[in-house]
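Peer 1: Sharing a structure below in structure tokens format, with a few things to ask.
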Amino acid sequence: MENRVSEAIESHVDLNSLPKEERLNRRRHSAAHVLAEAMVELFPDAELGIGPPIDTGFYYDFRLPRSLTPEDLTRLEERMRKSVKGKHAFQMASITKAEAEQKWAKQPFKLDLLADLEEGNVTQCTHAAFTDLCRGGHVNNTGELGAFKLMSIAGAYWRGSEKNPQLQRVYGALFETSEELAEYEHQLEEARRRDHRRIGKELKIFELFENIGPGHVVWLPAGATIRRELQRWIEDLEIERGYQHVITPNVGKRELYVRSGHWEHYQDAMYPVMEREGEEYCLRPMNCPHHIMVFESELHSYRELPIRIAELGNMHRWEKSGQVTGMSRVRIMTLNDAHIFCADEAMVESEVEGVLQLMEHVYGVLGLKNYRYRLSLGDRNNTEKYVDNPPMWDMGENLLRRVLNKVGLEYYEAADEAAFYGPKIDVQFQTAQGKDETLVTVQVDFHLPNQFQLEYIGEDGGRHRPIIVHRGVISTLERMTALLIEEYEGNFPLWLSPVQAVVIPIADRHIEYAEEVAKQLRTARLRVEVDTRGERMNAKIRDAQVRKIPYMLVVGDREAEAKAAALRVRGGGDLGAVPVTEILERLRRERDEKVLTVGG
RNA sequence: GCCUCGAUAGCUCAGCUGGUAGAGCGAGCGAUUCGUAAUCGCUAGGUCCACGGUUCGAAUCCGUGUCGAGGCUCCA
């Protein structure tokens, strides 16, 4: 709230004349005041931070004599509702800095905010008995807040820096109508339902074990199948585009990472060094140095470039304990990685273009839509975090911008988001939980070729320095699988489904024929099970539905007679008896064409 | 890493203020042989996360640790 010029101190606002977003922000910000009012009543010594509106409501940060409990939220909410009933007017007033400093003398965070304000720009807002330092933007009175609910308590650093004290943040949801609030709560419920951790467990896709350690994913058979399909597919796409696949070790000597710069910039995020017989080894945090070794292993001519070296390589990153999550933020991961060694900028441009086109193809086939391209820039002044080489940054950033424009992709720019060695294009994905995650990146790197003194022989017979393009497309298999689970809600398209069809014999006497049908389908490498349990057909169908298996082939006397099966598609829909040969062709085509919707 | 909350059967969860545990689903066994989303019966299954403390007595209270969730910070 601090970087807006103080507005006219209005006496009355006609809420209906405002755009909805502005109206909502006013309601949310006002609700934060009411929350603070309630908090001060509960804890007279509460120190107040800030209370801004956010996308789904508001929050307010406090420093309190003790930790808040869920019961406190109930009490605070009741107190807030009392204030709503009182319809207290919000009244803005200008005060001098000196007055403000005196008024908030016991409020260190308010004083901190005040220090940044210009004299003449200091305003306060009063409603009922509560006054807050505030630049304005309220509704007329506390009766106009809308539908709200206090949601959760969280820790948050003052001004977002972990060097500052940590405050207690109370989050509230607020919408204009109770219907909208209910809709929001429904969305939260929906997000929980789609959560890859829940579905991953239910469908036995992956598991995490305390004994193996957090962030170390175990792919169960169903997950390993999905992974294998993704892997085969992307590798084939890469082969078609001239990539060469290599397999390199998961460790390297510490010296290698010192040279690449990882040791200096990222050792905190690396697993601790292993030492034996006087040698120091690291689990690699990235694959680049290994691929550079491959490039360096022989002298290359300009005629060979670009050289595209790819690997589904494991990477190991010591994510801090609080930030490991399910399969989407892990410590050991497999990246669909490649390094393209280019002769010059023109080649870099055309290679980056090729990568962007491959991405569009891949995300299209997977049916992904909630993603945006982000041009992530460095910071010339931060030589701690980024390699100090301004011309290199200029060149890289301009180049990426040109390619994005040329390919005609929409993108946005973000400062201070680059890799330590260069700018990048990030693919930002929105998860089911509504959070932004980086799926993959394309990076232009002038730095590592320098570190490793890479060279190729040019047309002129002289030695030249190549430029490296780092890129992923399907991200780490872990994060992509997590994403797909949420995107499909576990209903994978046929080609990715761990079990593609289950044959359901109606009675035990049909098992033999059912096995025959399964065997026939397996000749087309379809993944088929036969449900031979002594359950009723209805129960078998239900279980197959719950397991989200795309096709059910029900076989009884009539089907055995006709060399057919009654075909049922996941999600309902009995297609009646279909000859097995026809089913086989149908599934094979659906699989090979990677049709997104089963039965579609 | 920091703040808050949590951990009970394979899974989801109940167990009020201290008196050594329960349901549903699942599993095993038996019966049933069935035409498009759950057949019936029986049985087994627990170091109540771990370690320490308080207490005559701890799933329950306290401390430490581990793991998980939400948030903050970070994310090559």
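Peer 1: Could you give the radius of gyration (one decimal) and Dmax (whole number) of the Cα atoms in the range A:15-182, in Å?
Peer 2: Rg then Dmax for the range A:15-182, in Å: 15.3, 45.
Peer 1: Given points 7 Å out from each Cα along the Cα-Cβ axis, report the A:Asp388 to A:Glu185 separation in nanometres with one decimal.
Peer 2: 5.6 nm
Peer 1: Tell me the Kirkwood radius of the range A:284-341: reciprocal of the mean inverse pair distance over distinct alpha-carbon atoms, in Å.
Peer 2: 13.1 Å
Peer 1: Could you compute the net charge surrounding A:Leu477? Neighbours are other residues with a C-beta less than 10 Å from the C-beta of A:Leu477; K and R count +1, D and E count -1.
Peer 2: Here the count lands on +2.
Peer 1: Further question: Could you tell me which Cys residues in chain A have no other cysteine's Cβ under 4.7 Å from their own Cβ, answering none if every one has a partner?
Peer 2: A:Cys282, A:Cys288, A:Cys342
Peer 1: So which GluC sites (Glu not before Pro) in the range A:457-536 are both in a DSSP loop and have at most 13 other Cβ atoms within 10 Å of their Cβ?
Peer 2: A:Glu459, A:Glu535
Peer 1: Also: Per the Debye formula with a single identical scatterer at each Cα and no solvent contribution, what log10 I(q)/I(0) holds for the range A:102-233 at q = 0.09, 0.18, 0.23 Å⁻¹?
Peer 2: The Cα Debye sum returns log10 ratios of -0.58, -1.17, -1.34.
Peer 1: In deg cm²/dmol and to the nearest 500, what is the mean residue ellipticity at 222 nm of chain A if only DSSP H runs of at least 4 residues count, each as -39500 (n - 2.57), divided by the residue total?
Peer 2: Theoretical 222 nm ellipticity from helices: -11500 deg cm²/dmol.
Peer 1: Continuing with this model, one more query. Any chance you could look up the accessible area of A:Ser328 with a 1.4 Å probe, heavy atoms only, rounded to 10 Å²?
Peer 2: That residue has around 20 Å² of solvent-accessible surface.
Peer 1: Can I ask one more? Ordering A:Glu210, A:Glu229 by how much accessible area each has at a 1.4 Å probe, largest first, what is the list?
Peer 2: Ranking A:Glu210, A:Glu229 by accessible area, largest first, yields A:Glu210, A:Glu229.
Peer 1: Continuing with the same structure: Please report the spacing between the Cα centers of the range A:275-303 and the range A:152-227 in Å, no decimals.
Peer 2: Spelled out, the Cα-based centre of one part sits 37 Å from the other.
Peer 1: While we're here: For the range A:153-243, what's the relative contact order in percent, using C-alpha pairs closer than 8 Å and at least 6 residues apart?
Peer 2: 13 percent
Peer 1: Run the simple label-point estimate for A:Leu64 and A:Asp379 please: 7 Å along Cα→C-beta, distance reported in nm.
Peer 2: The answer from the label model is 3.3 nm.
Peer 1: Say the dipole of chain A comes from +1 at the beta carbon of Lys and Arg and -1 at that of Asp and Glu; which of A:Ile199, A:Gly51, A:Phe90 then lies farthest toward its positive end?
Peer 2: Looking along the dipole axis, the top candidate is A:Ile199.
Peer 1: Okay, next question. Can you give the charge dipole size of the range A:186-279 about its Cα centre, rounded to the nearest 20 debye, using +1 on the beta carbon of Lys and Arg and -1 on the beta carbon of Asp and Glu?
Peer 2: In debye, rounded to 20, the range A:186-279 gives about 340.
Peer 1: Along the principal axes of its C-alpha atoms, what lengths does chain A span, in descending order and rounded to whole Å?
Peer 2: 87, 75, 53
Peer 1: For A:Phe452, what charge total do you get from the other residues with a beta carbon under 9 Å from its beta carbon, if Lys and Arg give +1 and Asp and Glu give -1?
Peer 2: With Lys, Arg at +1 and Asp, Glu at -1, the net is 0.
Peer 1: So if I place +1 on the C-beta of Lys and Arg and -1 on the C-beta of Asp and Glu, and nothing else carries charge, what would the dipole magnitude of the range A:15-182 be about its Cα centre? I want it in debye, nearest 20.
Peer 2: 260 debye
Peer 1: Sort A:260-268, A:392-400 for me by packing, meaning the mean count of neighbouring Cβ atoms within 10 Å per residue, highest on top.
Peer 2: Listed from highest to lowest mean packing, they are A:392-400, A:260-268.
Peer 1: Take the cross-link list A:Lys253/A:Lys385; A:Lys204/A:Lys540; A:Lys320/A:Lys435; A:Lys204/A:Lys548; A:Lys369/A:Lys435; A:Lys548/A:Lys594 and give me the ones stretching past 21 Å between alpha-carbons.
Peer 2: A:Lys253/A:Lys385
Peer 1: Then there is this: Rg and Dmax in Å for the range A:494-592, alpha carbons only: what are they?
Peer 2: 11.9, 34
Peer 1: By what distance, in whole Å, do the Cα atoms of the range A:386-446 stretch along each of the three principal axes, largest value first?
Peer 2: Largest to smallest, the principal-axis extents are 39, 26, 16 Å.
Peer 1: What ranking of A:Phe90, A:Phe58, A:Phe209 comes out by heavy-atom accessible area, probe 1.4 Å, highest first?
Peer 2: A:Phe209, A:Phe90, A:Phe58
Peer 1: Under 14 Å from the Cβ of A:Lys85, count the other residues' Cβ atoms, weight Lys and Arg +1, Asp and Glu -1, and hand me the total.
Peer 2: The answer is 0.
Peer 1: So what is the relative contact order for the range A:15-182, in percent, with contacts set as C-alpha pairs under 8 Å and at least six apart?
Peer 2: Computed over the range A:15-182, the figure is 27 percent.
Peer 1: Another question about this same structure. Per-residue accessible area for A:Lys563 at 1.4 Å probe radius, Å² rounded to 10?
Peer 2: 120 Å²
Peer 1: Relative contact order for chain A: what percent, with Cα pairs under 8 Å and sequence separation of 6 or more?
Peer 2: 10 percent
Peer 1: Another question about this same structure. Quick check: the distance between the Cα centres of the range A:518-560 and the range A:426-500, to the nearest angstrom?
Peer 2: First find each Cα centre; the distance between them is then 38 Å.
Peer 1: Separate question: So, with +1 on the Cβ of K and R and -1 on the Cβ of D and E, and no other charges, what is the size of the charge dipole of the range A:231-369 about its Cα centre, to the nearest 20 debye?
Peer 2: Using only the charged Cβ atoms, the result is roughly 620 debye.
The values are calculated or read from the model by the stated rules, or taken from the named source; none is laboratory data. Remember, it's a predicted structure, so these values are computed and weren't measured experimentally. All Cβ positions, glycine included, derive from the backbone under ideal geometry; neighbour counts span all protein chains shown. Surface accessibility is based on the protein's heavy atoms, side chains included, excluding ligands, DNA and RNA. Shrake-Rupley method; radii C 1.70, N 1.55, O 1.52, S 1.80 Å.
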